[in-house]
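Okay, structure first, notes after.
The values are calculated or read from the model by the stated rules, or taken from the named source; none is laboratory data. This structure is a prediction, so every number in the text was calculated from the model and none was measured. Please note: Cβ atoms are built from the backbone with ideal geometry, for glycine as well, and neighbour counts cover all protein chains shown. Surface accessibility is based on the protein's heavy atoms, side chains included, excluding ligands, DNA and RNA. Shrake-Rupley method; radii C 1.70, N 1.55, O 1.52, S 1.80 Å.
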Amino acid sequence: MKIAVLGCGTVGSGVVEIIDSKKELMMKSAGENIDVKYILDIRDLSDTPFADRVISDIDIILNDSEIDTVVETMGGVEPAFTFCKKCLEKSKNVVTSNKALVAAKAEELFDAAIKNNAAFMFEAAVCGGIPVIRTLFSSLSANNIVSFAGILNGTTNFILTKMINEKMSFDSALKIAQEKGYAEKDPTADVEGLDAGRKTCILASIAYGHHIFPEEIHTEGIRSITLEDAAYAASKGYKIKLLGKADKLKNGKIGAIVCPFFVNDNSMIAGVNGVYNAVSITGDSVGDVLLYGQGAGKEATASAVVGDVMECARLKKNEKHYFWDKHEDGIIEDHMLYETALYIRGYSKDAKTALINIREAFGGVTVLERDDAPENEIAFITGKAAEGELRDTLSELKDFASASVIRIL
Ligand code: HSE
């Protein structure tokens with residue numbers, strides 16, 4: 001099987017390196033030879049070992065009937081979308097690592113794939129090397145997915161781990177994450193939760209069968225998390241983790257949210273540190289499943305891409321479709337209606353009186369303590385109720401300025 005790779009950056013070059021170096025494994029496991037015939041890139045790659053395969057015109061790939069499968073590792077929605085759609089329209093399978101593309105355009109790409117009897121695969125788009133996409137589509141397909149919750153972004157997990165374990169400030173931890181090359185080019189997508197949001201939408205679309213767009217789900221990042229919050233969390237046996245989470249609610253709607261949570265230290269997900277990712281999935285028959293591994297990085301992500309390429313080689317044409325149905329309005333519940341308990345930290349001129357008012361307003365709270373807290377600082381955890389109700393109660397409190405609100409998992 002001859003393939004083309006669009007974009008020879010970190011992941012794309014990793015894909016070419018694996019395919020070039022594991023010929024015997026490819027033959028044995030996929031049942032045929034796999035060769036990279038073209039690498040599409042507009043940069044000067046004449047100094048690389050791939051130079052003789054580099055082209056800059058997509059039409060060469062589109063018009064070459066020998067190319068069976070195209071790998072897209074360019075990133076971003078355009079021109080990746082246009083190129084992928086054209087490849088599918090030429091009945092070429094498309095394998096991508098691009099979560100922005102899948103979150104925004106999967107519906108149209110599924111249509112093109114089905115109409116033209118080609119495959120559209122994207123295992124590497126969520127959690128890099130962790131096999132979560134095919135697990136949800138296939139291995140867990142006998143289950144109704146009750147819920148999933150995942151650490152889906154390595155950069156933010158790295159930053160939170162540094163803050164919690166080494167008492168490092170957010171800014172210093174972000175700087176190290178950038179130096180180590182974990183953060184995306186622009187760290188906003190990581191630290192504001194947008195990257196985790198796209199991945200949450202992809203997983204929720206598979207789990208619940210309809211396309212869910214990132215704009216539909218409430219998304220918060222970790223920029224406002226402080227060392228004070230981490231200290232209060234630790235005082236009650238919690239860690240702070242940025243999670244992408246979705247649940248099938250009793251009313252049939254989907255509760256989906258991306259935000260920092262207080263996570264019980266005894267849970268497996270609390271032990272996932274550094275750039276590692278993990279997804280905990282609960283199915284109605286299987287119970288709890290935890291997938292853990294490297295959510296980013298050249299080799300790990302390329303491993304998932306090449307796995308999809310090999311799957312394309314293995315499957316017969318009419319067996320290649322993994323897809324979900326079109327978007328449906330109103331399937332995502334307003335997150336203010338989800339039941340949760342909240343951790344709240346804030347300040348009051350008269351902390352003693354404020355605490356009496358807080359206990360009365362919330363009908364009892366758990367007060368938290370930390371070393372060296374200023375006298376005017378108050379931190380507590382509420383009981384469980386609809387988030388909107390808790391926020392209304394908070395906004396009505398007199399002489400209490402809230403500085404931080406974090407949900408409890
Ligand atoms: N910036 C992403 C992360 C890369 O940190 O997880 C993988 O999508």
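A Förster radius of 22 Å, combined with the Cβ-Cβ distance separating S235 from K349, puts the computed FRET efficiency at roughly 0.40.
Extent of the range 335-408 along its three principal axes (Cα atoms, max minus min coordinate, largest first): 34, 23, 19 Å.
Solvent-accessible area of the range 335-408 (1.4 angstrom probe, protein heavy atoms only): carbon and sulfur portion equals 47 percent.
The residues of the chain expose, per residue, 44 Å² of accessible area to a 1.4 Å probe. In this structure the amide hydrogen of E72, modeled in the peptide plane, comes within under 5 Å of the amide hydrogens of L6, V95, T96, S97, none closer than 5 places in sequence on its chain. Just to be sure I understand: of the beta bridges DSSP finds with both ends in the chain, what percent are antiparallel, rounded to 5? That works out to approximately 65 percent antiparallel. Once the C-beta distance of N273 and N251 is scaled by a Förster radius of 41 Å, the resulting FRET efficiency is 0.70 to the nearest 0.05.
Here the gap between F213 and A386, fully extended at 0.36 nm per residue and compared with their Cα-Cα distance, gives a gain of 59.9 nm. Shown are T226, T96, whose ranking by accessible area with a 1.4 Å probe and every protein chain present, most to least, is T226, T96. In terms of distances greater than 32 angstrom between alpha carbons, the cross-link table entries K86/K180; K105/K250; K162/K253; K37/K99 yield K86/K180; K162/K253. For a paramagnetic label modelled on S395 (point 7 Å from Cα along Cα→Cβ), amide N atoms under 16 Å away belong, within the range 329-355, to 335-338.
Computed per residue of the chain from DSSP H runs no shorter than four, each worth -39500 (n - 2.57), the mean residue ellipticity at 222 nm is -10500 deg cm²/dmol.
Label zone (A403, point 7 Å along Cα-to-C-beta; backbone nitrogen cut-off 16 Å) within the range 157-190: 169-171. With Cα atoms defining each centre, the range 225-266 and the range 332-378 are spaced 16 Å apart in the structure. At the residue level, I130 shows approximately 0 square angstrom of accessible surface with a 1.4 angstrom probe and all protein chains present.
Each other residue within a Cβ distance under 13 Å of E389 adds +1 if Lys or Arg and -1 if Asp or Glu, for a net charge of -3.
Distance from the alpha carbon centroid of the range 122-166 to that of the range 1-18 works out to 23 angstrom.
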